[in-house]
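*Asks:* Structure provided below as structure tokens; questions to follow.
The values are calculated or read from the model by the stated rules, or taken from the named source; none is laboratory data. From a predicted model like this one, the values you see are computed outputs, not experimental measurements. Note: ideal-geometry Cβ built from the backbone for every residue, glycine included; neighbour counts use all protein chains shown. Just the protein is used for accessible areas: all its heavy atoms, side chains included, with ligands, DNA and RNA removed. Shrake-Rupley method; radii C 1.70, N 1.55, O 1.52, S 1.80 Å.
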Amino acid sequence: MTAAQRPILYSFRRCPYAMRARLALASSGMSCELREVVLRDKPQALRDASPKATVPVLVLPDGRVLEQSLDIMLWALGRHDPQYWLSPPQGSLDAMLALIAECDDVFKNHLDRYKYPQRYGDTDGSAHRQQGAQWLDSLEQRLGDGEFLFGRRPALADMAIAPFVRQFAHVDMDWFMAQPWPHTQAWLSAWMASALFERVMHKYAAWHAEDQGASFPPE
């Protein structure tokens, strides 16, 4: 695949939405040009491609633009899904999408207000931590029935949800590890220790308009 035939991915290393897009692209084996974005200084090329100017954004060779992380995951895995992320051992794709929607709506709402309480007129975010913890209780029960969210191997739901659980945990890791969530803690730790996670968390210099983007996934 020539450079002109590769999709262009606008990404930010620590963004959980961008993380989930990179996970799917790497798993699918889809090569792309990665442009690392500095959020306080977003390049005009990103704004031109997507007026919302939030990462991730995937610009396809035919000019189509995918602006949502889950759409990028489904596009990449729809082309090639060697690990069968779209076909979980238990449940269905629709069931996984429903759980991901809960994460993106209910859990993410509390995560933001726990991590950044001052942005929402709160003092410490502890009430939202407890609300987020209630949702994690449901994950703990699910993971107690199997090593992963939908059975005995990872699937789309694991890869779409883990980046947000990681962000929640990192607000106060000591508190997170002190909770009665042994299955969730083991699941998150194994994911963070995986070769795939290490691969998609490779550090890139910020992209500028005069630069050639980096090849992703890295060799």
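*Asks:* If you roll a 1.4 angstrom probe over the protein chains with everything in place, what fraction of the accessible area of the chain belongs to carbon and sulfur, to the nearest %?
*Replies:* In the chain, the share of accessible area belonging to carbon and sulfur is 49 percent.
*Asks:* Now for a different question. Could you state the accessible area per residue of the chain in Å², with a 1.4 Å probe and every protein chain left in place?
*Replies:* 49
*Asks:* Under a 10 Å cutoff between Cα atoms, tell me which one of MET30, MET173, MET159 has the largest fluctuation in the Gaussian network model of the chain.
*Replies:* MET173
*Asks:* Provide VAL171, VAL37 ordered by accessible surface of protein heavy atoms (probe 1.4 Å), highest first.
*Replies:* VAL171, VAL37
*Asks:* Rounded to whole Å, give me the distance from the Cα center of the range 69-142 to that of the range 176-219.
*Replies:* Taking the Cα centre of each part, the range 69-142 and the range 176-219 sit 17 Å apart.
*Asks:* A follow-up question, please. Which of the trypsin sites (Lys or Arg not before Pro) found in the range 45-79 are in a DSSP loop and have at most 13 neighbouring Cβ atoms, other than their own, within 10 Å?
*Replies:* LYS52, ARG64
*Asks:* Using 0.36 nm per residue of separation minus the Cα-Cα distance, give me the extension gain between ALA209 and LEU60 in nm, one decimal.
*Replies:* Residue separation times 0.36 nm, minus the Cα-Cα distance, leaves 51.8 nm.
*Asks:* For the chain, just say rounded, prolate or oblate: build the C-alpha gyration tensor, square-root its eigenvalues into a ≥ b ≥ c, call rounded for a/c under 1.5, and beyond that prolate if a/b exceeds b/c, oblate if not.
*Replies:* Since a/c reaches 1.5 but b/c is at least a/b, the shape of the chain is classed as oblate.
*Asks:* Which angle between 0 and 90 degrees, to the nearest 10, do you get for helix 93-102 versus the longest principal axis of the chain when only C-alpha atoms count?
*Replies:* 70
*Asks:* Same structure, new question: Can you give the accessible area of MET177, probe radius 1.4 Å, in Å² rounded to 10?
*Replies:* 90
*Asks:* Just from its helices, what would the mean residue ellipticity at 222 nm be for the chain, if runs of 4 or more DSSP H residues each count -39500 (n - 2.57) and the sum is divided by every residue, rounded to the nearest 500 deg cm²/dmol?
*Replies:* -14500 deg cm²/dmol
*Asks:* Hey, what did the chain get for relative contact order, percent, Cα under 8 Å, at least 6 apart?
*Replies:* 28
*Asks:* Kindly provide the GluC sites (Glu not before Pro) of the range 18-118 that DSSP labels as loop, not H, G, I, E or B, and whose Cβ sees at most 11 other Cβ atoms within 10 Å.
*Replies:* none
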